[in-house]
1. Given Lys99/Lys175; Lys66/Lys134; Lys57/Lys310; Lys57/Lys163, which pairs have Cα atoms separated by over 32 Å?
2. Which Rg and Dmax, in Å, describe the Cα atoms of segment 1-153?
3. Could you pull out the pairs from Lys192/Lys257; Lys34/Lys83; Lys183/Lys245; Lys105/Lys292; Lys34/Lys137 whose alpha carbons sit more than 19 Å apart here?
4. Starting from the Cα of Ser271, step 7 Å along the direction of its Cβ; do the same at Gln182; then give the gap between the two resulting points in nm.
5. Given Leu52, Val142, Leu296, which one lies farthest toward the positive end of the charge dipole of the chain, if we put +1 on the Cβ of every Lys and Arg and -1 on the Cβ of every Asp and Glu?
6. State the Kirkwood hydrodynamic radius of the chain in Å, one decimal place, computed from all pairs of distinct Cα atoms.
7. Let me see the P(r) profile for segment 79-120: every Cα-Cα distance counted, bins of 10 Å, each bin given as a percent of all pairs.
8. Calculate, axis by axis, the spread of Cα positions in segment 178-231 along the three principal axes, and write the results as whole Å, longest axis first.
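What follows is calculated from the coordinates using simple rules that are stated; it is not laboratory data. Not measured: the values here are computed from a predicted model. Neighbour counts run over all protein chains shown; Cβ positions are idealised from the backbone, glycine included.
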Amino acid sequence: MVISMKIRLGYVAIAKTIDDISYNHTITYTHYSKLQKEEQSAKLKNIIHINLDNLLKVLKYNLQNKIFFFRFSHNLIPLATHKDVHFDYITPFLEQWQKIGNFIKKHNMRIDSHPDQFCVLNSVNQDIVEQSIKMLKFQYNVYQALGIEGHVVLHIGSSTPNKESAMKRFHDTYKMLPKEIQKMILLENDDKTFTAEETLKLCELLHIPMVLDYHHHLCNHEKKDIKPILERILNTWKDTSLSPKMHFSSPKSQKEKRAHNIIIDTHKFISFLEILSIYNTDVDIMLECKGKDESLFRLSRQLRFYTKYKFINQSTFIINPKL
């Protein structure tokens, strides 16, 4: 069999090369609550206009550098999911949303998001569950405004009082979600609680595509070798139109194994690709390193030196193409 699988690299949230352009401008609720009503509205509108304008600039930067896979920050709209703040973050900015969405679609970019640790669908606290659902509805509204099919990466969450009951709570909450929200969700194994094996079990049960985080797997596993379950992970994507998505990062140090390093360990990344190459399947790999786009560029240059991969552009290459 001739192996000719395409790997597309992406990065998370911040373009460090142009770090003067931020779309994460925000306002604290404490500050917001001290303003007059008219001032509150004006302040939010100004921040949102700046953030949306800068998000488009980052996407244009990605295009210029041939990066077509990107996770945008969930902090795009300040206070959007705060329980005591209610405002329309779509209609007044519809022209900007549509401009960004049209750009994404025109250039065939893959965009997703990853809410923070407070998005816990299986919490034992119903208030947290309701707030988590609100976060997901916010993400859905954003994707609708953009006119794209975006996805949200989640962890299973709490393990209280035990994993079996925690997974049952996730199952039950997920089943109650609107279908359009369900369709948006991807599940990822985490580095402390739910292993890749456990996450895969729930993904197969609920027919949710699974995002394998290889760094998390090495930190938290039943069996270190990922190969026995890798084909099943890939199969969770078979009913989608997307390439399987995976996360890769390197540990900060031997002592701080769970923390992400600034750069990617190139040789270990190549070893991971060799494992993937057995299945000859296109894969999108999100690099979760602290160096963001700069680390992606560094890895790209190193792969050109250490391997014979055929590069299509700065972030996309083919493993072992037929020469």
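1. Working: Lys99/Lys175 34 Å; Lys66/Lys134 34 Å; Lys57/Lys310 29 Å; Lys57/Lys163 43 Å.
Over 32 Å Cα-Cα: Lys99/Lys175; Lys66/Lys134; Lys57/Lys163.
2. When restricted to Cα atoms, segment 1-153 yields Rg and Dmax of 17.0, 68 Å.
3. Numbers: Lys192/Lys257 11 Å; Lys34/Lys83 17 Å; Lys183/Lys245 15 Å; Lys105/Lys292 23 Å; Lys34/Lys137 27 Å.
Result: Lys105/Lys292; Lys34/Lys137 exceed 19 Å.
4. The answer from the label model is 4.0 nm.
5. Value computed over the given set: Leu296.
6. Details: mean 1/r = 0.0481 Å⁻¹.
It works out to 20.8 Å.
7. 21, 35, 36, 7
8. 36, 21, 13
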